[in-house]
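Comments concern the structure below.
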Amino acid sequence: MHIYRTHNCGELRENHVGEVVRLSGWVHRKRDHGNLLFVDLRDDFGLTQCVIEPKNPIFDHVDSIAPESVVTVTGEVVLRDKETINPSISTGTIEIRIGEFKVLSEAEELPIPVFGDQEYPEELRLRHRFLDLRRERLHHNIKLRAAIIEDIRQRMTEQGFTELQTPILTASSPEGARDYLVPSRVHPGKFYALPQAPQQFKQLYMVAGFDRYFQIAPCFRDEDARADRSPGEFYQLDVEMSFVDQEDVFNAIEPVMHGVFQKYSDGKEVTPAPFPRIAYADAMLQFGSDKPDLRNPLRITDVTDAFSGSSFKIFSNAIEGGAVVRAIPAPGAEQNPRSFFDKMNEWARENGWPGLGYMVFTSGEAKGPIGRNLSKERIRMIQEITSLGDGDAVFFACDEVKRASELAGAARDRLGINLNLIDSDCFRFCWVIDYPMFEYDEEKCQVVFSHNPFSMPQGGLDALNKMNSTDILGFQYDIVCNGIELSSGAIRNHRPDIMYKAFELAGYSRADVDMRFGGMLRALKYGAPPHGGIAPGIDRIVMLLAGEPNIREVVAFPLNQRAEDLLMNAPAPVSKSHLRELHLRLVEASDGDKETNS
RNA sequence: GGGGGUGUAGCUCAGUUUGGUUAGAGCGUCGGCCUGUCACGCCGAAGGUCGCGAGUUCGAGUCUCGUCACUCCCGCCA
């Protein structure tokens, strides 16, 4: 008989009755009836009930074992009585009569129990992650993550993608997020950087003639955390394809995303391919966001014309000053008390907006302070544009374009929740396309890349030469699911002449570009195929499918919000000799330093 | 860097609004009882720097100020 086990804890059935078996696992739970003791034994595969009676000489030994100790149980599989069958576990028709009981590893009193679904503080959970990972929720999430990654690999491979590796120690990238730096021992004063994404390497693979690349790639960015953003590191399904246009990328990715979500969505409806495509400008208008949540049926409309030159002076004056008015519908909201509408306005003001006007349509009239100041024709115009009528209400966001969009988008989210309009039982995908290539940075007072500088501008060199730079669109796209941005992607700029021109518009000289992107440019000068790709975030995909509100719930060993590893104690100070070897000297931060740095 | 929330037993939380006797409950732990449980049940016990510091007061878990930790958001994330 094997020293540890003949079966696992989720394996035994009625057909094993009569066999003497050996199981090893954790003591999940004990139920002591005085003259009868039940021990639930748990491993990765399941739970098996073991039982012992006091006439057995080892009863006291078994009785005294602490929960979560690791033990080996040897004994006969016996059938349970009909009335003691437990249908909620796979091994519920049998139990093991304990013959031998060996303790492999005793557990001390637990800082967090493994049994039960009580919530515990995250700090405690992170410090004892190995215990938290034993618990059902995290254990399930991590196994789900593994299954999803395996499934993605299979789907990508089947579609003719080749899984290729890229370096972890590489060069700092001048655009984008803050890098994690690694000092070089061999080259005093010089540093490697961890890749923010394998962006340039995957393009180099295309140039090297590998037609379709993918990788479950680690990415490192030194940025502050959010609920859906792990600090430090995260994983992307990194994809790049040769000789493709935007539609080819969509056609390659849609079946993978749809397939994975369909398989692991637990019956929830998934948007069938092709996913809706929404132009960036339309997304900003209709959803007030570049990551529209299509589960929310509300659509924002522009009603500036209905207020322009009207006697509702607050809006008409603002419009003369360049403002727009966006309407957020609240269908069926008429029955709500006045406080419902006032609270929305209050919320907008609390968040720094001038306010949120509203109108309630009832028995052919528009009630509310705005309705009284507006002519019948204008009210009819608003009803027409918003497709609203009696019984409905509408909110108005009046501000300059960007801020009005933002407010309308936030109000749309809020109304969707308050009016209970969100269908939570589905995964709604869309593509957001036609991103502007450049935008004007108010602080820097110059045109900057609004997305990925390596993207191909729509219209190519012609557009860069002739168009107003902020009007130029890029072959850039995002894939969004339930309001969460899963990925950005683009058709890349594979032409050095177009690259120089694009960077020139963003204020880089030819010499700048040569210095910063020399490797990439050199590659493009010796025959580069047109190519493009995308990189959906693995952690966010798992988060959506696991139904978790926080990305740390689907990462086995996450850093906390301040980018610390509480289990391994990182980051940590290093010895002087270690620093010396790397040609580093620590500088105490004085007050003066702090001021000049901040 | 900024804003919000939280901080009371090992853990989850009540008590803070309106300052007033010995700060409570559940889970866990420990002890006792219990032959069919699977969130076993019953009885009992131990367990507290009310995050920390200062202040107001005859008196502070409760009020004020400061500070720290965690978390959510803004900034940031080509």
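The values are calculated or read from the model by the stated rules, or taken from the named source; none is laboratory data. Model, not experiment: these values are computed from the prediction. Glycine gets a Cβ as well: all are built from the backbone with ideal geometry, and neighbour counts include every protein chain shown.
Condition check ((1) away from RNA strand B (no atom under 16 Å from the Cβ); (2) more than 20 Å from the chain's Cα centre (by Cα); (3) part of a loop (DSSP other than H, G, I, E, B)) across all residues:
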{"residue": "A:Asp151", "(1), (2), (3)": "yes, no, no"}
{"residue": "A:Gln154", "(1), (2), (3)": "yes, yes, no"}
{"residue": "A:Gly160", "(1), (2), (3)": "yes, yes, yes"}
{"residue": "A:Ser173", "(1), (2), (3)": "no, yes, yes"}
{"residue": "A:Phe210", "(1), (2), (3)": "yes, yes, yes"}
{"residue": "A:Tyr213", "(1), (2), (3)": "no, yes, no"}
{"residue": "A:Pro218", "(1), (2), (3)": "no, no, no"}
{"residue": "A:Glu223", "(1), (2), (3)": "no, no, yes"}
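Taking the condition within 13 Å of RNA strand B (Cβ to nearest atom), buried (at least 22 other Cβ atoms within 10 Å of the Cβ), over 19 Å from the mean Cα position of the chain (by Cα) and modelled with pLDDT under 95, does A:Ser487 pass?
Criteria not met by A:Ser487.
Conditions: (1) more than 16 Å from RNA strand B (Cβ to nearest atom); (2) part of a helix (DSSP H, G or I); (3) out of contact with any Leu (no Cβ under 8 Å at 6 or more places or on another chain). A:Asp497 meets all but one. Number of the miss?
Condition not satisfied by A:Asp497: (3).
Scan region A:273-288 for residues that are crowded, with 17+ Cβ neighbours inside 10 Å and touching an Asp or Glu at 6+ places or on another chain (Cβ under 8 Å) and report the count.
Looking only at that region, the number is 7.
Can you tell which of A:Ile433, A:Ile422, A:Ile479, A:Ile472 is farther than 30 Å from A:Asp245 by Cα, surrounded by 15 or more Cβ atoms within 10 Å (Cβ to Cβ), touching a residue at least 12 places away in the same chain (Cβ under 8 Å) and of a type in the set (Val, Ile, Thr)?
A:Ile422
Could you count how many residues in region A:50-109 are of a type outside the set (Val, Ile, Thr) and in a strand (DSSP E or B)?
Total satisfying the criteria: 12.
Looking only at residues that are surrounded by 11 or more Cβ atoms within 10 Å (Cβ to Cβ) and of a type outside the set (Phe, Trp, Tyr) in region A:111-122, which one is farthest from RNA strand B (Cβ to nearest atom)?
Restricting to residues being surrounded by 11 or more Cβ atoms within 10 Å (Cβ to Cβ) and of a type outside the set (Phe, Trp, Tyr), the top hit is A:Val114.
For region A:425-432, does any single residue satisfy the condition of being in contact with a helix residue (DSSP H, G or I) (Cβ under 8 Å, 6 or more places away or on another chain), of a type in the set (Val, Ile, Thr) and under 30 Å from A:Pro297 (Cα atoms)?
Checking region A:425-432: at least one residue is in contact with a helix residue (DSSP H, G or I) (Cβ under 8 Å, 6 or more places away or on another chain), of a type in the set (Val, Ile, Thr) and under 30 Å from A:Pro297 (Cα atoms).
In region A:289-304, what residues are more than 21 Å from the chain's Cα centre (by Cα) and either loosely packed, with under 15 Cβ neighbours inside 10 Å or aliphatic (A, V, I, L, M) (or both)?
A:Pro297, A:Leu298, A:Ile300, A:Val303, listed by residue number.
For the subset of region A:125-142 comprising residues that are free of Cβ contacts under 8 Å to residues at least 24 places away in the same chain and basic (Lys, Arg), which member is farthest from A:Glu68 (Cα to Cα)?
Looking at the filtered set, the residue picked out is A:Arg125.
For the structure I just gave you, tell me whether A:Ile65 is among the hydrophobic types (A, V, I, L, M, F, W, C), within 10 Å of RNA strand B (Cβ to nearest atom), under 24 Å from A:Arg13 (Cβ atoms) and in contact (Cβ under 8 Å) with a residue 24 or more places away in the chain.
When the stated conditions are applied, A:Ile65 does not pass them.
Pairs, please: C-beta under 7 Å, at least 6 apart or cross-chain, first residue in contact (Cβ under 8 Å) with a residue 60 or more places away in the chain and in region A:453-464, second away from RNA strand B (no atom under 16 Å from the Cβ)?
So the pair list comes out empty.
Of the numbered conditions (1) within 13 Å of RNA strand B (Cβ to nearest atom); (2) over 30 Å from A:Phe214 (Cα atoms); (3) of a type outside the set (Lys, Arg); (4) crowded, with 22+ Cβ neighbours inside 10 Å, A:Glu443 fails exactly one; give the number of that condition.
(4)
From the residues in region A:446-460 that are assigned to a strand (DSSP E or B) and closer than 21 Å to A:Ser242 by Cα, which one is farthest from RNA strand B (Cβ to nearest atom)?
Among residues in region A:446-460 that are assigned to a strand (DSSP E or B) and closer than 21 Å to A:Ser242 by Cα, the one farthest from RNA strand B (Cβ to nearest atom) is A:Pro457.
Filter region A:23-62 for residues that are out of contact with any helix residue (DSSP H, G or I) (no Cβ under 9 Å at 6 or more places or on another chain), charged (D, E, K, R) and either under 17 Å from A:Glu95 (Cα atoms) or in contact (Cβ under 8 Å) with a residue 60 or more places away in the chain (or both) and give the result.
A:Arg29, A:Arg31, A:Asp40, A:Arg42, A:Asp43
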